[in-house]
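Trainee: What follows is a structure written as structure tokens; I'll ask about it next.
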Amino acid sequence: MCVREYRIVYGVYMDCRETRKNIYRFIEDKLEGKELQSFMKHISQCEECKEELAIEYLVTEGLQHLEKESTFDLQSQLEKKMEGARKKIALRKRVVCFMYAMETLAILAVLLMAVLVIVK
Ligand SMILES: [Zn+2]
């Protein structure tokens with residue numbers, strides 16, 4: 001059974017249909033930011049889509065590597081790719097946190113200046 005993911009992840013919906021549409025984009029490293037985050041979240045929770053991703057990855061990458069006739073472990077390559085995506089998301093979260101902190105500081109600075117102007 002495939003559990004449909006309708007929860008909001010930072011404002012982006014991604015269900016099974018949406019996730020599967022994005023599998024190729026993930027393989028080609030074209031998913032970024034919120035999309036990547038939603039995609040990874042769905043993949044981590046949905047066995048069916050995870051399997052679908054593994055199959056698509058094996059087919060896509062497998063065909064490319066066949067021509068180079070090198071021995072390789074696609075499963076661990078996919079794991080590495082997923083790990084890279086997770087790091088990207090973690091980094092993005094930190095950047096968003098930082099920006100939020102800066103925004104808060106900026107608002108505080110404006111308030112402080114307003115207070116100073118009123119006091120004068
Ligand atoms: Zn799914």
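Trainee: Among rounded, prolate and oblate, which fits the stretch 16-119 when a ≥ b ≥ c are the square roots of the eigenvalues of its C-alpha gyration tensor, a/c under 1.5 means rounded, and a/b larger than b/c means prolate?
Mentor: prolate
Trainee: With unit charges on the beta carbon (Lys/Arg positive, Asp/Glu negative), name the residue among 60, 112, 95 whose Cα is farthest towards the positive pole of the charge dipole of the stretch 16-119.
Mentor: 112
Trainee: Under 29 Å Cα to Cα from residue 93, which lysines show up? Leave out anything in the same chain fewer than 8 places away.
Mentor: Filter leaves 21, 30, 34, 41, 50, 80, 81.
Trainee: Using a simple spin-label model with points 7 Å from Cα along the Cα→Cβ vector, what separation in nm is obtained for residue 92 and residue 25?
Mentor: 1.1 nm
Trainee: What nm value, rounded to one decimal, do you get for the distance between residue 16 and residue 106 when each label is placed 7 Å out toward the C-beta?
Mentor: Simple spin-label model gives 4.3 nm for this pair.
Trainee: Cross-link candidates for residue 88: which aspartates and glutamates have Cα within less than 18 Å, leaving aside residues fewer than 8 places away along the same chain?
Mentor: Reachable aspartates and glutamates: 28, 29, 32, 35, 79.
Trainee: Around residue 24, under 12 Å between beta carbons, what's the net of Lys plus Arg minus Asp minus Glu among the other residues? Spell out each step's value before the answer.
Mentor: Details: positive: 20, 21, 25, 30; negative: 28, 29, 52, 56, 61.
So the environment of residue 24 carries a net charge of -1.
Trainee: If I take every Cα pair under 8 Å that is 6 or more residues apart in the stretch 16-119, average their sequence separation and divide by the length, what percent do I get for the relative contact order? List each step's numbers first, then the result.
Mentor: On the way: 36 pairs, mean separation 26.9, N = 104.
Normalised by residue count, the contact order of the stretch 16-119 is 26 percent.
None of the figures in this text is laboratory data; all of them are computed from the coordinates on show. Given the structure is predicted, the values throughout are model-derived calculations rather than measurements. In this analysis, Cβ positions are derived from the backbone assuming ideal geometry, glycine residues included, and neighbour counts consider all displayed protein chains.
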